[in-house]
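Student: So that we are looking at the same thing, I have put the structure below in structure tokens.
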Amino acid sequence: MLIASLPAAANWSAGVGGALGQSPYRGVSTNPNTIPAFVSYRGRFAYLRGIEAGINAWGTGGEWGGVQASVLVKGRLAGYESSDSWYLHGMEDRDWSIDGGVGFSGRVNGHQFSVQLITDLLDKHQGQEIGTSYSYGFKITPKLRMSPGVSLSWQSSDLLSYYYGVRAEEADASRERWAYQADAAWVPSLNLNTIYSFNQSHSIMLVASSTRLPDEVTASPLVSREWVSGGFFAYLYRF
């Protein structure tokens, strides 16, 4: 999503930036995260967008846009360490993972949409996700472009239970932390991508997003928020 709003003519981009976001977990403070470097590439046969990479298995289109099917892998930057807060002491760490699967994406003029079906490749959360997204990009000025969008993902019980559940041996009455297993649920999000281009090579990008956690997540004793919001700011250089 971070690089999706770049113009189609930009094959290679590189950038550096930082992120600031809310944590859903009880007692965990919001901390900025520096992203030292990331790259983006969009070609006929493959693409790379930050933490996602894919091989284009099929595609069609023209000047108006196009549709393509891809085999992909992407990072899942979720989880926590038990040392993150007093409340999480006694919990096992929940780790990042790498998911993989298939994706379908399309672009018609300024309209962009995607569907992805992915599963855990590292045997961390052992879950699956079906994600859909839509955004519309338009120019405010010749240099300023905005892309508001929405997304909706179905996440399996295994995935949500890994990141938000409490195993029987992790329950702790002194912390009011009871055993909990989450059911599968739909997770909606709103987002806004903004890019300001100084010239053909140099740009700055701001991404803001807000996700509503479903009842299956907020019922967990680990969770203290219903909405989780965040932002990402970066400088980009197009080759």
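Student: Straight-line reach from Lys74: which lysines fall under 19 Å, measuring Cα to Cα and dropping same-chain residues less than 8 apart?
Tutor: Filter leaves Lys124.
Student: What net charge is computed for the residues neighbouring Pro24, neighbours being all others with C-beta under 10 Å from the C-beta of Pro24, Lys and Arg scored +1, Asp and Glu -1?
Tutor: +1
Student: Next question. Tell me, what ³J(HN,Hα) does each residue in segment 43-54 have, in order and in whole Hz, if you take phi through Karplus 6.51 cos²θ - 1.76 cosθ + 1.60 with θ = phi - 60° and put x for Gly and Pro?
Tutor: Listing the rounded values in order: x, 5, 10, 7, 8, 9, 10, x, 9, 10, 9, x Hz.
Student: If you take the beta carbon distance between Ala69 and Glu169 as r and set R0 to 35 Å, what does 1/(1 + (r/R0)^6) give as a FRET efficiency, to the nearest 0.05?
Tutor: Values: r = 43 Å, r/R0 = 1.23.
For R0 = 35 Å, the calculated efficiency reads 0.25.
Student: Excluding Glu226 itself, calculate the net charge of residues whose Cβ lies under 11 Å from the Cβ of Glu226, where each Lys or Arg counts +1 and each Asp or Glu counts -1. The partial results should precede the final answer.
Tutor: Values: positive: Arg212, Arg225; negative: Asp215.
Net charge around Glu226: +1.
Student: Can you compute the FRET efficiency between His202 and Phe45 using 1/(1 + (r/R0)^6), with r the Cβ-Cβ distance and R0 = 30 Å? Round to the nearest 0.05.
Tutor: Working: r = 28 Å, r/R0 = 0.93.
Approximately 0.60, to the nearest 0.05.
Student: Among residues other than Gln126 whose Cβ falls under 10 Å from its Cβ, what is the net charge (Lys/Arg +1, Asp/Glu -1)?
Tutor: On the way: positive: Lys124; negative: Asp120, Asp123, Asp158.
Neighbourhood net charge equals -2.
Student: Arg49: accessible area at probe 1.4 Å, nearest 10 Å²?
Tutor: Roll a 1.4 Å probe over it and Arg49 shows about 70 Å².
Student: Solvent-accessible area per residue for segment 104-216 at a 1.4 Å probe radius, Å²? Please report the intermediate quantities before stating the final value.
Tutor: Details: 6020 Å² over 113 residues.
Roughly 53 Å² per residue, with all protein chains present.
Student: Would you mind telling me which residue in Phe104, Phe113, Phe198 has the biggest mean-square fluctuation in a Gaussian network model of the chain, where springs connect alpha carbons within a distance under 10 angstrom?
Tutor: Phe198
Student: Between segment 65-105 and segment 190-232, how far is it from one alpha carbon centroid to the other, in angstrom?
Tutor: 15 Å
Student: Roughly how many nanometres apart are two label points built 7 Å out from the Cα toward the Cβ at Val16 and Asn109?
Tutor: According to this spin-label approximation, the distance is 4.0 nm.
Student: Would you calculate the separation in nanometres between label points at Leu121 and Trp227, each defined as 7 Å from the Cα along the Cα-to-beta-carbon direction?
Tutor: That separation, rounded to one decimal, is 3.5 nm.
The values are calculated or read from the model by the stated rules, or taken from the named source; none is laboratory data. Model, not experiment: these values are computed from the prediction. Note that each Cβ is placed from the backbone with ideal geometry, even for glycine, and that neighbours are counted across all protein chains shown. Keep in mind that these areas ignore ligands, DNA and RNA; they rest on the heavy atoms of the full protein, side chains included. Shrake-Rupley method; radii C 1.70, N 1.55, O 1.52, S 1.80 Å.
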